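In what follows, a single structure is set out as structure tokens and then discussed.
The values are calculated or read from the model by the stated rules, or taken from the named source; none is laboratory data. This one's a predicted model, so the numbers in the text were calculated from it and none came from an experiment. In this analysis, Cβ positions are derived from the backbone assuming ideal geometry, glycine residues included, and neighbour counts consider all displayed protein chains.
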Amino acid sequence: MELRVRALETVLTQKGYVDPAALDELIDAYQTRVGPRNGARVVARAWVDAAFKDWLRRDATAAVASLGYQGRQGEHLVAVENSPGRHNMVVCTLCSCYPWPVLGLPPVWYKSTAYRARAVRDPRGVLADFGVTLPESTEIRVWDSTAEVRYLVIPERPPGTEGLDEEALAALVTRDSMIGTGLAGTPAP
Amino acid sequence: MSLPSLPDLPRDDGGPVFREPWEAHAFALALTLHERGVFTWPEWADALGRAIAAARGRGDPDDGTTYYQHWLAALESLVAAKGVGTERELLHFREAWDRAAQRTPHGAPVALADADLAGPG
């Protein structure tokens, strides 16, 4: 694998398609600067700012871009909001389309056949594997990502967080809660 | 069928995104070529989807651990399909890097030399 990638990189560099320094910069950005913290800030803003949440639900691509997070693939972002009666979960049954600008790169399990196949067929069972049990009455809606449309789940704001500021709230928003395989955390007592 | 091997997967922001450096490079190459307009993102998703399906047909576990192998296969096929680089060129450089790796002492960075490109003795 290593040799195949090096060969490809050499060919592309020699032909002027790739600048090795720019490549390293890109890798660094994805490993250290882009990541689920971006998404967490988006969710925390939505929790404290009703107008922003409304914008996010109507046009997530624009609302998220206003915070400085933009997609490289020109994809359309859709935010889906959890409520007491409705839980949202995101999958990409085809490959692993994922909202990179807000969540960084997908975790290994997101890319697995097991998750891709079972999220649609048995979302409640998948949630149980993640340690999440929802009331029977809660409807679970599964969203299948595509190359053009990516989804971001807005988890429910945990109870007892009324006094927290945006930064403290963002710390409660986990990556999994924005994929829908988890819930936002509760503040440490 | 249950969802296997969830326990050791990263559940928070820690944990490496790439398991090995080559995965990061394969990832960044695809993004760069897309930004250069070599292919559209739907074309990429289609190629990746086909690479994954083909690997599964060959018995790949497709549990996420081989994901970047599929990514690389998709990238190589698109590079060839778009006329950016031929299979022959890729093979040539793969062999050159192999020779460079063989002659480089353990621990030292591997670099291509003219002799590596020339082929074996």
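Only one of the listed residues (A:ALA7, A:ALA21) is more than 23 Å from A:GLU162 (Cβ to Cβ), away from chain B (no Cβ under 11 Å) and out of contact with any Asp or Glu (no Cβ under 6 Å at 6 or more places or on another chain). That residue is A:ALA21. Every condition in (1) in contact with a Lys or Arg (Cβ under 7 Å, 6 or more places away or on another chain); (2) at pLDDT 75 or above; (3) not aliphatic (A, V, I, L, M) holds for B:ASP13 except the one numbered (2). Only one entry of A:ALA114, A:ALA168, A:ALA119 meets the criterion of being part of a helix (DSSP H, G or I), in the same structural domain as A:CYS97 (by TED's automatic domain parsing) and surrounded by fewer than 16 Cβ atoms within 10 Å (Cβ to Cβ), and that entry is A:ALA168.
If you check A:ALA60, A:ALA79, A:ALA40 for being within 14 Å of another protein chain (Cβ to nearest Cβ), closer than 25 Å to A:LEU127 by Cβ and among the small types (Gly, Ala, Ser), only one passes: A:ALA40.
What residue, among those in the range A:97-111 that are within 7 Å of chain B (Cβ to nearest Cβ) and either surrounded by 24 or more Cβ atoms within 10 Å (Cβ to Cβ) or under 13 Å from the mean Cα position of the chain (by Cα) (or both), is farthest from A:GLU148 (Cα to Cα)? If we take residues in the range A:97-111 being within 7 Å of chain B (Cβ to nearest Cβ) and either surrounded by 24 or more Cβ atoms within 10 Å (Cβ to Cβ) or under 13 Å from the mean Cα position of the chain (by Cα) (or both), then A:TRP109 is farthest from A:GLU148 (Cα to Cα). Would you mention how many residues in the range A:112-129 are within 26 Å of B:ALA55 (Cβ to Cβ), more than 7 Å from chain B (Cβ to nearest Cβ) and not small (Gly, Ala, Ser)? Of the residues in the range A:112-129, 5 are within 26 Å of B:ALA55 (Cβ to Cβ), more than 7 Å from chain B (Cβ to nearest Cβ) and not small (Gly, Ala, Ser).
Which residues, counting only those in the range A:160-189, are touching an Asp or Glu at 6+ places or on another chain (Cβ under 8 Å) and either over 18 Å from A:ASN82 (Cβ atoms) or of a type in the set (Val, Ile, Thr) (or both)? Residue satisfying the conditions is A:THR174 alone. When residues in the range B:24-69 are screened for being in contact (Cβ under 8 Å) with a residue 40 or more places away in the chain and over 22 Å from A:SER112 (Cβ atoms), 4 of them pass.
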